[in-house]
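Coordinate-derived values only; no laboratory data. The shown structure was predicted, so the numbers you read here are calculated from the model rather than taken from an experiment. We place every Cβ from the backbone using ideal geometry, glycine too, and count neighbours over all the protein chains shown.
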Amino acid sequence: MRYSFTFLCLLVCLSCQPKYDVPQTLELHNNWEFRQVGDSVWHSATVPGNVFSDLLDHQLIENPFIGNNEEKVQWVSETDWEYKTTFDVDEETLQKKHLELNFEGLDTYASVYLNDSLILKSNNAFRAFEVDVKPLLKASNELRILFEHTSKYEAAAKSKLPYELPEGNRIFTRKAQFQYGWDWGPKLNTSGIWRPIKLISWNDYRLKDLKISHGYLDDSLINLGLDFRLLKNDIWGVDRDLTFEVYVNDSLYQVSEDSFKAYRQFIPILIKNPKLWWPHNLGEQYLYDFKIVVKKDKRIYDSISVKKGLRNVELVTEKDSLGESFYFKVNGVPVYAKGANYIPQHSFQNKVTEQHYEKLLNDVVDANMNMLRVWGGGIYESDKFYELCDEKGIMVWQDFMFACAMYPGDEAFLDNVRQEAVENIKRLRKHPSIVLWCGNNENSEGWHRWGWQANRSNDEKEEIWNNYLKVFYFILPQTVSELTNVPYWESSPKYGRGNPQYKFEGDAHDWWVWHDGYPFEHFEEHVPRFMSEFGFQAFPSYEAIRFINQSDSIDIDSEGFKNHQKHHRGFQLIREYMERDFPVPNEPEDYVYMSQLVQAHGITKGIEAHRRAKPYNMGTLYWQLNDCWPAVSWSSIDHFGNWKALHYKAKRSFEDVFVSNTIEDHIIEVFAINDGVEAIESSLELEIRTFEGDSIWSISKDFKSELLSNTKAYRIDFSGTQSEFKKDKAVLITKFNGQTRCDYFVKPKDLKLAQAPIQKIVTKTKDGFLVELTSTTLQKDVFLHTDSKGHFSDNFFDLLPNEIKTIEFLTQDEEIPIIKLKSLNNFIR
Ligand code: BMA
């Protein structure tokens, strides 16, 4: 009796269970093969991927990241390639009313054949293409994709224009522009299936493009609009029984009826006391889960969900007495932006794993950065990148993918661009981290300042500039404002450095330093409203150099190594700047170290000058965070993830609560900067000491650093003290809020540093090793290095005399690492 009751309950329960007829997705990533067109032999291929990676896997080419191999593999980009796979589809799927193949990224000129019928010709690596394959799909299928090399298409497009557009033929092809070679990257123009291919099958309903919009948010009650598309098999049918369930954080929140629109749906919901998303230095990164389920008669047809942070973002560009402001407000709070420019992490995107994203973005937060600019010559990044930026509270300045060139303006090109913008904005608009869409990198500056207008007729100039306006003044801003509420900015920078306005309005790229050879002090004298690029090169880690040369010695003169410096005056500029401020060592290993000190010295000078000028200046993003291959470049983290001196020193200069000093003749000025939302009270101590630790002069007071502030905490005339100490043998030590900084009165190369050993004790810990260092004299820019793979918690620091400095070396290695040391003291007497 009891059994039959249980059975009955079970039956009742089962009948209440919802039935499903939801769309199914099948990733087509197996059994792929590739060949050079015309070859008889097929080789196995990895999808998603690209032809260089596949050739490498079969050892059919040498690794282009080693020595001079880049040159040897150029033929790959000039060749047509074919990819094919076979896949089976079960009967149930075949019977579905809708069968679509979705190509999320084909690089680039691709002809796609399903069972020998041409189903798609694509010409934009940044777009996804969805094809109805219902009429063609069988139980067993063959999918074949022909990739034709880009130069063929580019030559054809070029021949239609009566003039040449700057810069080169890459402008005709919508794919990552850096792959055509850049001043930090190799020329490795890939082709292949670089993002997933999916078969989507569905019957009656499918949900798409969920957008969550809101007006200005505060912390009481907000109205959210859930806007999405409902695809119906029977597009004219009226579905009186169709309901939409809205879930917020997995709880059923609201049930709505079909609003009888065949296509777009809109559901308003109210959220009380919403939790907001903030950049990591200002608050929590709260992310809501929103889900919509479409149902009829207890049957679930589809669901769509997004993880979404709620925040207001404004780009404030207001006229003021000095020009025009440029800063971001998040949830009404003005945010000082600190960070760097981000480029693709690898020439071959399939080599970038989730761990790479995780590590690099942790390094960003670790260095106290709150913004990255995704630069326009790379790619619209993977979903993972933005998900992690959301979670970690990193704001993203997102360029559209146009860089350093003028682009065509024919209808087909413009349509392609419009569609690219629509798709990428739709894909990325849920991410609260994205705070800006920017049209391009340096196209406007190039046109106005780089001689691109020379020898052109007025008509020609007008046509080229009008084509620029069509994309960056009309299509992109319109698309951004239709699809999101994120601000749009036409071009980075607003003005090139040749236009004096660059200091008073908009964002700026300061390449007076480096490209024009100006001294680093230029950063201090010319502070713009928002510095979106400034940079200086340094050599990468010993690991990277060894990899390039495939040799244990640090050889920076080999032909192969020289190929990893892509700036034609790069080596020379590094040396020139080194000679100005630092000693120039002979040994390559020392030269590499010194180059990193020069870079860190110059760029942190810039960062601090910008921060001291807050709120006139409201952002500082240096060029560049990372590398796409092992190289000598502007990056602060090399291709293998090793931090250069700059990343360690930028971390200190980007601290939220921070003291920055200027020393001019006998005047010391002390600026207390607080980018956070809490006031900090602490004693502020300044002391001048000899390198042996004897105190010459000191001063101290209690100081309150107010939230979101910048205050001149001291202006000290130490001329009285001056006669009592030798400027080349003294250090100014500033202590505030647990931080200690060292400033000097003369250039690094003029310091009379003393010679003394550094004592070192290494002990094992759970995650690696602890290193304790001491010395009887001040040791400047102490550099710890080892051949073991790992990360030093701190490096390139000044070690005060007779004080113990403890550093962690995080590593998986069990064996005690052989840690070697260098300091600037080794090079100056
Ligand atoms: C900036 C960037 C890049 C370039 C860098 C260094 O202007 O936008 O185009 O790599 O300068 O030259």
**OP:** For the stretch 576-625, divide the Cα radius of gyration by the Kirkwood radius and give the resulting Rg/Rh value with two decimals.
**Re:** 1.12
Original post:
Counting DSSP beta bridges in the chain, what percent are antiparallel, to the nearest 5?
Top reply: 85
Subject >> Rg and Dmax [Cα atoms of the stretch 387-456; Å; Rg one decimal, Dmax integer] >> reply: 15.4, 51
Original post:
When the dipole is taken about the Cα centre of the stretch 515-567, and only Lys, Arg (+1) and Asp, Glu (-1) are charged at their Cβ, what size is it in debye, to the nearest 20?
Top reply: 220
**OP:** Evaluate E = 1/(1 + (r/R0)^6) for Asp219 and Phe266, where r is the Cβ-Cβ distance and R0 equals 22 Å; express this FRET efficiency to the nearest 0.05.
**Re:** 0.30
Subject >> Contour minus Cα-Cα distance for Tyr286 and Glu525 (0.36 nm per residue) >> reply: 82.0 nm
**OP:** Pairs of Cα atoms under 8 Å, at least six residues apart: use those to get the relative contact order of the stretch 391-492, whole percent.
**Re:** 42
Subject >> Projected area averaged over orientations for the stretch 370-516, convex hull of C-alpha atoms, nm² >> reply: 9.7
**OP:** Grab the Cα-Cα distance for Asn69 and Thr317, subtract it from 0.36 nm times how many residues apart they are, and report the gain in nm with one decimal.
**Re:** 84.5 nm
Original post:
How high is the relative contact order of the stretch 265-332, in percent, with contacts defined as C-alpha pairs under 8 Å that are six or more residues apart?
Top reply: 24
**OP:** Give the long-range amide H neighbours of Ser491: residues separated by 5 or more places, or on another chain, with amide H under 5 Å away, using H modelled in the peptide plane at 1.01 Å from N.
**Re:** Gly439, Asn440
**OP:** Under 18 Å from a label point 7 Å along Cα→Cβ of Thr776: give me every residue in the stretch 723-762 with its amide N that close.
**Re:** 753-761
Subject >> Residues with amide H under 5 Å from that of Tyr518, placed H, sequence gap 5 or more >> reply: Val513
**OP:** Take the alpha carbon gyration tensor of the stretch 460-585, find the square roots of its eigenvalues, order them as a ≥ b ≥ c, and report rounded if a/c is under 1.5; if not, report prolate when a/b exceeds b/c, else oblate.
**Re:** prolate
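Identify the chymotrypsin sites (Phe, Trp or Tyr not before Pro) of the stretch 399-445 meeting these criteria: DSSP loop state and at most 12 other C-beta atoms within 10 Å of the C-beta.
Of the chymotrypsin sites (Phe, Trp or Tyr not before Pro), not one in the loops of the stretch 399-445 has a Cβ with at most 12 other Cβ atoms within 10 Å.
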**OP:** Bin width 20 Å, alpha-carbon pairs only: give the P(r) of the chain as whole percents, running from 0 to the bin holding the largest distance.
**Re:** 14, 43, 32, 10, 1, 0
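Provide the gained length on full extension for the span Asp555 to Tyr153, in nm with one decimal, where the gain is 0.36 nm per separating residue minus the Cα-Cα distance. Can you show the working numbers first?
Details: separation 402, 0.36 × 402 = 144.72 nm, distance 4.07 nm.
That pair, Asp555 and Tyr153, stretches by 140.6 nm at full extension.
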**OP:** Between the alpha-carbon centers of the stretch 22-89 and the stretch 673-749, tell me the distance in whole angstrom.
**Re:** 58
Original post:
Helices from the chain with mean Kyte-Doolittle at least -1.0 and a Cα length along the axis of 24 Å or more, per DSSP H: which?
Top reply: 411-428, 588-612
Original post:
How many angstrom lie between the C-alpha centres of the stretch 451-523 and the stretch 754-815?
Top reply: 45
Original post:
Hey, any idea what the orientation-averaged projected area of the convex hull of the stretch 532-675's Cα atoms comes to, in nm²?
Top reply: 9.5
Original post:
Distance from the Cα centre of the stretch 221-260 to that of the stretch 116-184, in angstrom?
Top reply: 37
**OP:** List the relative contact order of the chain as a percent without decimals, with contacts defined as Cα pairs under 8 Å and 6+ residues apart.
**Re:** 9
